[in-house]
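**Student:** Mind having a look at this structure? Questions to follow.
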Amino acid sequence: MNSKDELRVLEDALQVINAKAKELGLDFYDMFFEICPADIIYTFGAYGMPTRFSHWTFGKAYHKMKTQYDYNLGRIYEMVINSNPCYAFLLEGNSIIQNKLVMAHVLAHCDFFKNNAYFKNTSRNMVESMASAAERFREYEFEFGRAKVESFIDAALSIQEHIEPRLMIKRGENLRKKRQKEKERTCHAERIETPYDDLWELEEARKDTSKDSEKVKKFPIEPEKDLMLFIIQHSKELEDWQRDIMSVIRQEMHYFWPQMETKIMNEGWATYWHLRIMRDIHLDETETIEFAKMHSGIIQTSRTRINPYTLGLKIFEDVEKRWDNPTPEERERYGRSGGEGKQKIFEIRANENDISFLRNYLTKELIEEMDLYLYKKVGNEWKVDEKDWEKVRDGLVSSMTNGGYPYITVQDGDYNKNGELYLKHHYEGTELDVYYIEKTIPYLHSLWGHTIHLETVLDNKSVLFSFNGEKSSKKFI
Amino acid sequence: MSDGDFVISREDWSLHRKGEIDRERHREKVREAIKKNLADIVSEESIIMHDGRKILKVPIRSLDEFHFRFDYGKQKHGGQGDGNSKKGDVVYTDPQKGQGKGKGAGEEPGVDYYEADVTIEELAEMIFEDLGLPNLEQKKKPELASESVEFKDVRKKGIASNIDRKRTIIEVIKRNALKGNPGLHGITPEDLRYKTWDNTYKYESSAVVLAMMDTSGSMGPFEKYIARSFFFWMVRFLRTKYNNVQIVFLAHHTEAKETTEEEFFTKGTSGGTRCSSVYKLALDVIEKRYSPQDYNIYAFHFSDGDNLVSDNDNCIKLINELLKVCNMVGYGEIEGAYYYTSTLRTAFKRVNNPKFTSVTIKDKSGVYPALKKFFNQTQGEAAN
């Protein structure tokens, strides 16, 4: 089939799939599908976005993905971008049936982006803002030298996970509201008002006073989680272009954060829908076989990791079943009348994130049926350590807390009255990687300009790691 | 367009090179990191024992993307069994080799996330970048080749200075004869013939390297390993950089014998040590097969220095003999678990000749400096 014919076939198929998805209740933005060669898909996969700035770490990720593809060890079939309109990229060389599955899958992703609460405040024109940031970074390279910009990005990336996602949501919200008010005061607010809005205002009021009284002894007044922001605002070391780079990286992290915290749901949702849609449209015998093959590849399980596609799918299917046919007890206790399965899963997709999704809907029966476990290292071996369903569930949930990253706050920005930065890791049972601490702190030092301290726990004792620009040290406190 | 509409298209992506460009930058950084760590990498087991694999995994740590993260080995991770998993089941076993190489972080347990792929050729190129045979001299017997130009072919086009007169005249005579007017007269442009050249190899100097290794009982696995990694790179280096260098492998304990390359790198022996035996053999080989007039001769000996004390004087005498016929003699002493006060190296302090170089290797990272010291091209010039 030549590429023109292929495009026509895909267009026809998409027509059918699109109509079917809408009929089944999916609600998505306008879609731009684009067929592109493998290296392009892998570029997008590695960068998270086609237009993102350049850096060797993306080259490294790209290399890894590309190599896996070249050696047939794994492949990405599609990429979807959370934007409005929504961009989706199909892999050139996919068979028609593969692309049909992918299109069904992608429509569900877009539905998720559009309707899940955690995406409510993500910027939908990130394609453009990332492109313009990339352009600025290129200019900085011309102006300040490539090596200098590169090593600054190295440093900024080393703490990119340390942001406060919720704070951003609120601030973005306020900004938008303000702008709206300034504009005309006619449109209704984008966000639906809730009875709890006054709580947000309290938070905001506290923030404001903290700003007014910066001369107060303690700095910051309350520990701050957004290390990126703290440094952007208070470092005396940074030049404007460096602040810009940090702000961009922080903003991009905010954009990606909801994707990280809804990975299982989002993939489960997309898998759930590609199954339903493909079952509903006409496939001939070979197509059916090929579809089954591809689908089973997607949901293949592994002894060493949880497949988000499978886990998410299983939970959605289980919820649907249970809300369609509640037990007599559930009918009585929760007032479930039956037949509410669809409604319930749509409700979940709108309101939950992975943590609440697992906490609320990953049942004992599912954990046992799927044979989920926790394992850990014992000598040279990694052994199953936990089979008790509650512990397995809680273990999975806790590994997702804060996006799976250590929770670190700024305790003091003027430690020893000397401009030193004192950070604290809020230890919750898992130690940090010491080698990585010792390699990361120097990056922080280059951003802050003064001695950096990090308090954490090793062997149940509090430890303080410090780096003063020349030496690192470690002492028990 | 109302929500939920779609467009499907195919663009020309052939100019989109972003991923490739950053990948290239990553590769550059990998190479920089490898270069910085050459001393450690040169004596990596996985390289010396690479058994013909093309791609090597080289451990480098400076390319990690550092951030605060949990200790992977102390975390509990989620997995999914086939339905019957029990507490205590082994999910995965870390590969035994590479112990102590770090804490096995990464996405999969036991994956060495900081290993970079590099071909042995690339690595060799970096290692050999500034190595060369010192004191190389022009010798009579033409075996070491270098490139030169040779006129071999005749064509109808060319430059005036390359006109082949003889061929041109033949053409004139032929043409005139065919026209029925024989004789040499009236050269036309069509008659002109030109010589053209080919690139060829010119043989000028040749070299032989005598690789001598102590295989006595006191040479433990570590000492042998060090000696072998040195010779591994030496052999590779000589074959990469020079077209026709010959390598003679000599192994010894109390007695010396010539071995094949394979035996040299694989076989171990035991027994006492008499280093003079191998020097004696080297001199015999040179006398019989490699006349110093025809060859640049290099002799390298690796030992733990644990020699019969009574033999040391003899060694010095023979080394001096060797120095008369060799461009360079190198002695590498591997300081192993035992420390000897009176070693061959101490004795060799009495050898006073700029063509004699000795190094001591204490650990794996000493192999690369030894290579650099022995194959430092400028050293001879400095000494002369």
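**Student:** A:Arg331 - would you say it is more than 14 Å from every other protein chain (Cβ to nearest Cβ), among the basic types (Lys, Arg) and more than 30 Å from B:Gln75 (Cα to Cα)?
**Tutor:** Details: more than 14 Å from every other protein chain (Cβ to nearest Cβ): yes; among the basic types (Lys, Arg): yes; more than 30 Å from B:Gln75 (Cα to Cα): yes.
For A:Arg331, the condition - more than 14 Å from every other protein chain (Cβ to nearest Cβ), among the basic types (Lys, Arg) and more than 30 Å from B:Gln75 (Cα to Cα) - is met.
**Student:** Continuing with the same structure: Is region A:465-473 home to any residue that is modelled with pLDDT of 95 or more, touching a helix residue (DSSP H, G or I) at 6+ places or on another chain (Cβ under 8 Å), crowded, with 16+ Cβ neighbours inside 10 Å and within 11 Å of chain B (Cβ to nearest Cβ)?
**Tutor:** The answer is yes; a qualifying residue exists.
**Student:** Determine if region A:342-364 includes at least one residue that is in a helix (DSSP H, G or I), out of contact with any Gly (no Cβ under 8 Å at 6 or more places or on another chain), within 14 Å of another protein chain (Cβ to nearest Cβ) and open to solvent by less than 30 Å² (accessible area, probe 1.4 Å).
**Tutor:** Yes, some residue in region A:342-364 is in a helix (DSSP H, G or I), out of contact with any Gly (no Cβ under 8 Å at 6 or more places or on another chain), within 14 Å of another protein chain (Cβ to nearest Cβ) and open to solvent by less than 30 Å² (accessible area, probe 1.4 Å).
**Student:** Residues in region B:233-251: is at least one closer than 22 Å to B:Tyr290 by Cβ and of a type in the set (Ser, Thr, Tyr)? Don't jump to the end; show me each part of the working.
**Tutor:** Filtering region B:233-251 for residues closer than 22 Å to B:Tyr290 by Cβ gives B:234-251.
Subsequent filtering for residues that are of a type in the set (Ser, Thr, Tyr) retains B:240, B:242.
Yes, region B:233-251 has at least one match.
**Student:** Another one. Working only within region A:445-477, note down all residues that are touching a strand residue (DSSP E or B) at 6+ places or on another chain (Cβ under 9 Å), among the hydroxyl-bearing types (Ser, Thr, Tyr) and outside any strand (DSSP E or B).
**Tutor:** Residue satisfying the conditions is A:Thr451 alone.
Residues are listed down the side, and each one gets a yes or a no for (1) within 21 Å of B:Leu238 (Cβ to Cβ); (2) among the aliphatic types (A, V, I, L, M); (3) open to solvent by 40 Å² or more (accessible area, probe 1.4 Å):
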{"position": "B:Arg274", "(1), (2), (3)": "no, no, yes"}
{"position": "B:Val278", "(1), (2), (3)": "yes, yes, no"}
{"position": "B:Asp304", "(1), (2), (3)": "no, no, no"}
{"position": "B:Leu322", "(1), (2), (3)": "yes, yes, no"}
{"position": "B:Lys349", "(1), (2), (3)": "no, no, yes"}
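**Student:** Restricting attention to region A:289-303, does a residue exist that is of a type outside the set (Phe, Trp, Tyr), more than 26 Å from A:Ile97 (Cβ to Cβ) and either open to solvent by less than 70 Å² (accessible area, probe 1.4 Å) or touching a Ser or Thr at 6+ places or on another chain (Cβ under 9 Å) (or both)?
**Tutor:** yes
**Student:** Looking at A:Leu454 and the list (1) within 11 Å of chain B (Cβ to nearest Cβ); (2) surrounded by fewer than 20 Cβ atoms within 10 Å (Cβ to Cβ); (3) modelled with pLDDT of 95 or more, which single condition is not satisfied?
**Tutor:** All conditions are met except number (2).
**Student:** Hey, among the residues in region B:207-258 that are assigned to a strand (DSSP E or B) and of a type in the set (Gly, Ala, Ser), which one's farthest from the chain's Cα centre (by Cα)?
**Tutor:** At the first step, the residues of region B:207-258 found to be assigned to a strand (DSSP E or B) are B:207-214, B:245-252, B:256-258.
Next cut, of a type in the set (Gly, Ala, Ser) only: B:207, B:211, B:251, B:256.
On the way: B:Ala207: 16, B:Ala211: 14, B:Ala251: 21, B:Ala256: 26 Å.
So, considering only residues that are assigned to a strand (DSSP E or B) and of a type in the set (Gly, Ala, Ser), the one farthest from the chain's Cα centre (by Cα) is B:Ala256.
**Student:** Given the residues A:Glu368, A:Glu431, which is the only one that is surrounded by fewer than 16 Cβ atoms within 10 Å (Cβ to Cβ), free of Cβ contacts under 8 Å to residues at least 40 places away in the same chain and farther than 23 Å from A:Ser151 by Cβ? Talk me through it step by step, then tell me what you get.
**Tutor:** Details: A:Glu431 fails: surrounded by fewer than 16 Cβ atoms within 10 Å (Cβ to Cβ).
Just one listed residue meets the conditions, A:Glu368.
**Student:** Tally up the residues in region A:384-413 that are open to solvent by less than 60 Å² (accessible area, probe 1.4 Å) and either farther than 28 Å from B:Val90 by Cα or in a strand (DSSP E or B) (or both), please.
**Tutor:** Matching residues across region A:384-413 total 10.
**Student:** What number goes with the only condition from (1) under 27 Å from the mean Cα position of the chain (by Cα); (2) without any contact (Cβ under 8 Å) to a residue 12 or more places away in the chain that A:Thr57 does not pass?
**Tutor:** (2)
**Student:** Within region A:297-304, can one find any residue that is in contact with a strand residue (DSSP E or B) (Cβ under 8 Å, 6 or more places away or on another chain) and not β-branched (Val, Ile, Thr)? Break it down into steps so the answer makes sense when it comes.
**Tutor:** Pass one, region A:297-304, residues in contact with a strand residue (DSSP E or B) (Cβ under 8 Å, 6 or more places away or on another chain): A:301-304.
This time we only want the ones that are not β-branched (Val, Ile, Thr), so: A:302-303.
Checked region A:297-304: at least one residue is in contact with a strand residue (DSSP E or B) (Cβ under 8 Å, 6 or more places away or on another chain) and not β-branched (Val, Ile, Thr).
**Student:** Further question on the same structure: Consider A:Met278 carefully, then state whether it is touching a residue at least 60 places away in the same chain (Cβ under 8 Å) and assigned by TED's automatic domain parsing to the domain that holds A:Met103. Full working, then the answer.
**Tutor:** Values: touching a residue at least 60 places away in the same chain (Cβ under 8 Å): yes; assigned by TED's automatic domain parsing to the domain that holds A:Met103: yes.
It is true that A:Met278 is touching a residue at least 60 places away in the same chain (Cβ under 8 Å) and assigned by TED's automatic domain parsing to the domain that holds A:Met103.
**Student:** Tell me whether region B:176-190 contains one or more residues that are touching a residue at least 40 places away in the same chain (Cβ under 8 Å) and either at negative phi or surrounded by fewer than 11 Cβ atoms within 10 Å (Cβ to Cβ) (or both). Full working, then the answer.
**Tutor:** Of all residues in region B:176-190, those touching a residue at least 40 places away in the same chain (Cβ under 8 Å) come to none.
So far as region B:176-190 goes, no, none of its residues is touching a residue at least 40 places away in the same chain (Cβ under 8 Å) and either at negative phi or surrounded by fewer than 11 Cβ atoms within 10 Å (Cβ to Cβ) (or both).
**Student:** Looking only at helices (runs of 4 or more DSSP H) that fall completely inside region B:259-331, which ones have 1 or more residues that are in contact with a Cys (Cβ under 8 Å, 6 or more places away or on another chain) and modelled with pLDDT of 90 or more?
**Tutor:** Values: elements: B:261-266, B:276-289, B:312-325.
Per the criteria, B:276-289, B:312-325.
**Student:** Consider A:Thr440 against the criteria (1) touching a helix residue (DSSP H, G or I) at 6+ places or on another chain (Cβ under 6 Å); (2) open to solvent by less than 30 Å² (accessible area, probe 1.4 Å): it satisfies all of them except one. Which criterion is unmet?
**Tutor:** (1)
**Student:** A further question follows. Within region A:365-383, track down each residue that is facing chain B (nearest Cβ under 7 Å) and in a strand (DSSP E or B).
**Tutor:** Of the residues in region A:365-383, the ones facing chain B (nearest Cβ under 7 Å) are A:370-377, A:380-383.
Once the filter is applied, which keeps residues that are facing chain B (nearest Cβ under 7 Å) and in a strand (DSSP E or B), region A:365-383 yields A:Leu372, A:Tyr373, A:Leu374, A:Tyr375, A:Lys376, A:Lys377, A:Glu381, A:Trp382, A:Lys383.
**Student:** Further question on the same structure: Which ones in region A:314-341 are touching a residue at least 12 places away in the same chain (Cβ under 8 Å), assigned to a helix (DSSP H, G or I) and open to solvent by 10 Å² or more (accessible area, probe 1.4 Å)? Break it down into steps so the answer makes sense when it comes.
**Tutor:** As a first pass, look at region A:314-341 and keep what is touching a residue at least 12 places away in the same chain (Cβ under 8 Å): A:314-326, A:336, A:338-341.
Subset that is assigned to a helix (DSSP H, G or I): A:314-324, A:341.
Of everything in region A:314-341, those that are touching a residue at least 12 places away in the same chain (Cβ under 8 Å), assigned to a helix (DSSP H, G or I) and open to solvent by 10 Å² or more (accessible area, probe 1.4 Å) turn out to be A:Lys314, A:Glu317, A:Asp318, A:Glu320, A:Lys321, A:Arg322, A:Trp323, A:Asp324.
**Student:** Also, quick follow-up: Could you tell me whether A:Asn418 is of a type outside the set (Val, Ile, Thr), over 19 Å from B:Phe68 (Cα atoms) and touching a residue at least 12 places away in the same chain (Cβ under 8 Å)?
**Tutor:** On the way: of a type outside the set (Val, Ile, Thr): yes; over 19 Å from B:Phe68 (Cα atoms): yes; touching a residue at least 12 places away in the same chain (Cβ under 8 Å): yes.
Spelling it out, A:Asn418 is indeed of a type outside the set (Val, Ile, Thr), over 19 Å from B:Phe68 (Cα atoms) and touching a residue at least 12 places away in the same chain (Cβ under 8 Å).
The values are calculated or read from the model by the stated rules, or taken from the named source; none is laboratory data. On a predicted model such as this, the values are computed, not experimentally measured, just so you know. Backbone-built Cβ (ideal geometry, glycine too); neighbour counts: all protein chains shown. Surface accessibility is based on the protein's heavy atoms, side chains included, excluding ligands, DNA and RNA. Shrake-Rupley method; radii C 1.70, N 1.55, O 1.52, S 1.80 Å.
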